[in-house]
1. Nearest 500 deg cm²/dmol is fine: what mean residue ellipticity at 222 nm does chain A get from its DSSP H runs of n ≥ 4 alone, each adding -39,500 (n - 2.57), divided by its residue count?
2. How big is D for segment A:1-158, in µm² s⁻¹ as a whole number, if Stokes-Einstein is applied with the Kirkwood radius of its Cα pairs at 20 °C and 1.002 mPa s?
3. For the protein assembly as shown, give the magnitude of the charge dipole about the Cα centre (Cβ charges: +1 Lys/Arg, -1 Asp/Glu; no others), in debye to the nearest 20.
4. With charges set only on the Cβ (+1 for Lys and Arg, -1 for Asp and Glu), what does the dipole of segment B:8-74 come to about its Cα centre, in debye to the nearest 20?
5. With r defined as the distance between the Cβ atoms of A:GLU137 and A:GLN345 and R0 fixed at 60 Å, what FRET efficiency is calculated, to the nearest 0.05?
6. Once segment A:220-353 is represented by equal point scatterers at the alpha-carbon sites, with solvent omitted, what log10 I(q)/I(0) does the Debye formula produce at q = 0.09 Å⁻¹?
7. What number comes out for the charge environment of A:VAL274, summing +1 per Lys or Arg and -1 per Asp or Glu over other residues with Cβ under 11 Å away?
8. Treat the count of other C-beta atoms within 10 Å as a stand-in for reagent exposure and order A:ILE179, A:ILE261 from fewest to most.
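Read-outs: derived from the displayed coordinates by stated rules, not from any lab. None of these values were measured; they are calculated from a predicted model. When we count neighbours, we look across all protein chains shown, and the Cβ atoms used for this are built from the backbone with ideal geometry, even at glycine.
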Amino acid sequence: MEKSTNQQRKLVIAVTALNAIDSPGPGVAVIRAIRECPDFDVRIIGLSYEALEPGIYMHDVVDKTYQIPYPSAGTDSLFGRLLHIHEIEKIDVLIPNFDAELFNFIKLRDKLKALGIHTFLPDLEQFEARDKMKLFEFGKKHGLHVPADRVIFSSRDLPSVASQMGYPMVVKGKFYDAIIANTLEQAEKAFYKIQAKWGLPIIVQEFINGTEINIAALGDGEGNAISVIPMRKLYITDKGKAWAGITLEEQSFIDLAKTFIKATKWKGGCELEVMQTSDGKSYIMEVNPRFPAWIYLTAAAGQNQPASLVKLALGEKLKPYTDYEVGKIFIRYAWDHITNIAEFQKISGTGEL
Amino acid sequence: MKLKKNVATSEEGFIFNPSTGDSFSTNPIGKDILVLLKEDKSVKEIIEAICEKYDVEPAQFEKDLDDFKSQLSDYAILD
């Protein structure tokens with residue numbers, strides 16, 4: 001980490017998704033990248049939902065944490081809490097990183113701006129265009145390959161979907177989770193499991209066989225891709241999360257992300273989950289409307305996407321990056337961080353640490 | 001038979017395909033063939049060079065080279 005200089009801009013940046021667990025949120029990686037940017041001298045405010053999100057206790061990563069209400073509590077409740085935090089901390093930039101919370105933050109974008117809190121988020125139209133439930137239509141409109149899907153509200157629809165798509169098929173939740181089903185029984189089990197966790201509807205998607213590629217990208221809201229980094233997972237956990245991954249040099253992936261950003265005028269960070277088939281076709285399986293948990297790799301490879309997002313949020317115009325290091329690898333590791341009951345008590349009891 | 005331009009090879013015979021993220025290791029003869037391929041040598045020149053360095057008959061090596069070539073082709077690292 002570089003030392004503070006007079007040229008560095010002092011900023012207070014609030015970040016969510018501090019759950020650096022086995023299925024990690026991107027918050028800690030976003031903060032790590034921002035802290036490494038030599039242009040900033042930052043104070044990081046963590047915004048947490050659960051008392052045991054590891055980032056809360058990592059004091060060299062997060063300076064101060066405040067709990068915020070769950071997305072289901074609605075925008076008024078969230079705004080009230082943010083207002084209180086802002087009075088104390090004077091937040092310059094806020095970066096939400098969970099799919100499930102983005103709707104509320106997008107709704108509050110203008111109200112936050114009026115307070116001096118900058119965000120860099122897509123508008124609702126962009127956000128909804130790439131929604132899992134509308135992705136197929138989106139692909140059709142823009143000439144992008146997207147697997148066929150059906151949005152269903154009852155497990156009774158599974159047999160008819162299966163007769164159209166055949167097995168295997170992929171059963172997905174509206175925010176997270178995807179299970180490959182090879183039989184009707186497996187599909188029903190997956191339906192109920194995902195419904196219990198994420199509610200309805202459920203998306204059933206055509207299974208595409210190929211190599212999975214993930215692309216982290218940052219759009220400036222005017223159709224330009226400021227940064228695009230393709231990555232292939234080298235090691236995948238039983239939850240399908242990357243445990244290790246490597247940056248790739250493949251122009252077709254970069255072009256695909258640029259096409260998506262141009263078509264949507266995407267504003268902010270996003271992750272394209274792509275499946276490349278053996279005949280070289282790249283299918284967009286999903287578009288996550290926020291940075292992925294492996295986002296620090298973009299900084300390590302020479303395109304610091306989180307730091308660039310901060311600059312864009314503050315109104316700077318940026319030129320697109322052109323180079324990055326190919327063959328850069330991340331390997332995630334588990335670490336037992338030790339803390340005291342007093343800290344746990346403080347965040348649980350007062351909602352602050 | 002040409003290696004894709006962006007394929008990286010090391011002196012130890014490690015091959016990295018930056019388009020796919022795949023990596024492979026070869027034995028010393030495989031490494032020597034890769035070096036010759038990088039130098040744009042023809043099949044004839046490769047056979048000559050390898051048969052001079054190792055105790056192998058050209059006819060036998062030509063067959064082995066064909067197998068090696070199919071492997072490289074399957075791994076999508078040939079142009």
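1. Working: 12 runs with 115 residues, N = 353.
About -9500 deg cm²/dmol.
2. Numbers: Rh = 17.5 Å.
So the translational diffusion coefficient is about 122 µm²/s.
3. Details: 51 positive and 61 negative charges, 336 e Å.
The dipole of the protein assembly as shown has a size of about 1620 debye.
4. Working: 7 positive and 16 negative charges, 32 e Å.
In total the dipole reaches around 160 debye.
5. Values: r = 50 Å, r/R0 = 0.83.
Efficiency, from the Cβ-Cβ distance: 0.75.
6. The computed values of log10 I(q)/I(0) come out as -0.35.
7. Values: positive: A:ARG232, A:LYS281; negative: A:GLU212, A:GLU250, A:GLU271, A:GLU273, A:GLU286.
Surrounding charge for A:VAL274 is -3.
8. Details: A:ILE179 17, A:ILE261 24.
The fewest-first ordering by Cβ neighbours comes to A:ILE179, A:ILE261.
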